[in-house]
Amino acid sequence: MNARDRRNATHDPSARSWVASANGHRDFPLQNLPFASFRRRGRGEAFRGGVAIGEEILDLAALARSIPFDGDAAPALRAAGQPTLNGLMALGPAHWSALRAALFEALREGSARQATLIDCLVPQDGAEFALPAAIGDYTDFYASIHHATAVGRLFRPTNPLTPNYRWLPIGYHGRASSVQVSGTAFRRPLGQRLPPGRETPEFGPSARLDFELEVGIFVGTGNAPGEAIPIGTAEQHVFGLCLLNDWSARDVQAFEYQPLGPFLAKNFATTISPWIVTLEALAPFRTPWARPPTDPPPLAYLDDPAMRAGGGFDLALEVWLETAAMRARALPAARLARTNFRHSYWTVAQMLAHHTVGGCDLRPGDLLGSGTQSGPGIGEAGSLLELTAGGREPLGLPSGETRRFLEDGDRVILHGRCERAGAASIGFGTCAAEVLPARTPDPEA
Ligand code: CA
């Protein structure tokens with residue numbers, strides 16, 4: 001299967017919507033149709049599923065009451081109107097695709113349903129968002145070889161990559177309770193760190209707080225315990241992708257991580273974008289997957305012809321920073337890095353296949369992080385750890401400030417965007433959150 005085969009009528013770049021703001025919209029034209037859980041701000045309403053169209057949200061609960069749709073789209077629409085999207089995610093790709101096709105037809109120019117749907121639109125600037133799913137489990141991978149090499153070099157200059165790196169997608173089980181939707185501020189974490197040259201740790205707020213630019217992967221249909229998801233059908237278990245910032249306390253991490261891996265350094269906050277872009281919407285932006293001929297080929301359970309043909313995603317990713325001083329002076333946010341998910345060493349399909357090959361069951365709404373995505377070039381690093389060479393080379397900002405790591409009041413903003421000739425460009429919206437001062441530590445601690 002090549003990349004073009006996955007396209008259908010919903011990818012037609014010439015299709016226009018009767019929602020005027022959708023036509024040429026930077027993120028949310030008719031060809032995108034990403035899902036979120038939202039409500040109108042300040043009214044105490046229940047959250048429900050919605051689809052972005054231009055500057056509006058199509059309220060799927062209201063739509064389900066007005067137009068029930070037909071066939072597979074009918075149960076999909078009912079599930080999509082619920083407070084979380086887990087029910088929709090559990091239905092599987094035939095239902096997701098039927099719902100997308102029905103929404104596309106209802107929203108396109110000339111639709112007979114325009115008069116009804118107008119009453120189901122809510123302006124995005126009057127909405128607030130919840131997590132799109134009840135996330136049962138969160139797993140964080142380490143799929144960018146450029147990131148793994150750059151970080152490994154800081155700790156092991158002569159041997160940056162661990163011997164397992166090229167054989168399996170490294171991951172660990174993260175913390176689902178502290179995954180938060182974009183816009184949720186969080187406190188700087190506290191923890192133990194070992195100052196250089198000292199033998200006893202000190203306790204306090206992290207002094208090396210970092211962001212991690214990642215892609216989030218929402219699991220749709222799961223698998224039974226003891227059953228693996230084969231790589232050839234792995235993508236049928238993926239509902240869609242979002243932006244993910246996996247905040248990290250580098251000083252806490254350095255002291256705690258051996259022998260069992262990350263703990264407090266990673267479990268205080270993870271921020272995701274409200275919008276989930278479906279894999280079907282990403283069909284025009286597929287890229288072949290390959291590795292250098294000097295690298296070992298993947299084992300059979302991690303290899304697949306369709307994945308080699310189009311298992312990557314041409315998804316441009318950006319990190320922007322807005323400091324408290326920049327806000328006070330009304331200065332725009334500054335871009336810190338720009339890279340692309342196509343550089344990922346391991347694919348989405350490989351991450352799912354490896355996660356389940358030992359018998360682990362995934363469930364609808366589970367979240368996987370891709371790991372920090374960095375590219376091969378300067379300015380393509382998805383963390384401050386890389387951009388400042390471990391804090392040794394501070395970044396200069398247009399405000400005249402510098403940053404080695406994040407300071408209180410800093411707001412980090414992620415963007416994702418897909419552009420390709422012959423396709424309508426689509427985007428992921430915004431994933432942003434602000435760092436608040438640490439809780440005052442208990443003097444007995
Ligand atoms: Ca991470």
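The values are calculated or read from the model by the stated rules, or taken from the named source; none is laboratory data. Fair warning: this is a prediction, and the values are worked out from it, not measured in the lab. Positions of Cβ are generated from backbone atoms using ideal geometry, with glycine treated the same way; all protein chains shown enter the neighbour counts.
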Only unsatisfied item for Gly379, checking (1) more than 16 Å from the ligand (Cβ to nearest atom); (2) at pLDDT 95 or above, is (2)
Within the range 348-371, of all residues that are in contact with a strand residue (DSSP E or B) (Cβ under 6 Å, 6 or more places away or on another chain) and part of a loop (DSSP other than H, G, I, E, B), the one farthest from Gly92 (Cα to Cα) is Gly371
task: Using the structure shown, decide if Glu386 is within 16 Å of the ligand (Cβ to nearest atom), more than 27 Å from Asp137 (Cβ to Cβ) and among the acidic types (Asp, Glu).
output: yes
Log entry, pairs with first residue in the range 403-417 being touching a residue at least 40 places away in the same chain (Cβ under 8 Å), second being in a loop (DSSP other than H, G, I, E, B) and among the aromatic types (Phe, Trp, Tyr), beta carbons closer than 6 Å, six or more apart or on different chains, reads Val412/Phe211
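Just to be sure I understand, how many residues within the range 167-186 are part of a loop (DSSP other than H, G, I, E, B), away from the ligand (no atom under 15 Å from the Cβ) and crowded, with 17+ Cβ neighbours inside 10 Å?
Residues of the range 167-186 part of a loop (DSSP other than H, G, I, E, B): 167-170, 174-178, 182-185.
Still in the list and also away from the ligand (no atom under 15 Å from the Cβ): 167-168, 177, 182-185.
Those left that are additionally crowded, with 17+ Cβ neighbours inside 10 Å: 182.
Going through the range 167-186 one residue at a time, the tally reaches 1.
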Taking the range 187-242 and keeping residues surrounded by 22 or more Cβ atoms within 10 Å (Cβ to Cβ), assigned to a loop (DSSP other than H, G, I, E, B) and out of contact with any strand residue (DSSP E or B) (no Cβ under 9 Å at 6 or more places or on another chain) leaves Ile229
Across (1) closer than 19 Å to Val238 by Cα; (2) touching an Asp or Glu at 6+ places or on another chain (Cβ under 7 Å), Asp361 clears everything bar (2)
For the range 139-150, the count of residues that are surrounded by fewer than 23 Cβ atoms within 10 Å (Cβ to Cβ) and of a type outside the set (A, V, I, L, M) equals 4
Checked against (1) touching a strand residue (DSSP E or B) at 6+ places or on another chain (Cβ under 8 Å); (2) not in a helix (DSSP H, G or I), Met326 satisfies every condition except (2)
Within the range 151-166, restricting to residues that are modelled with pLDDT of 95 or more and buried (at least 16 other Cβ atoms within 10 Å of the Cβ), the one that is nearest to Asp251 (Cα to Cα) is Tyr165
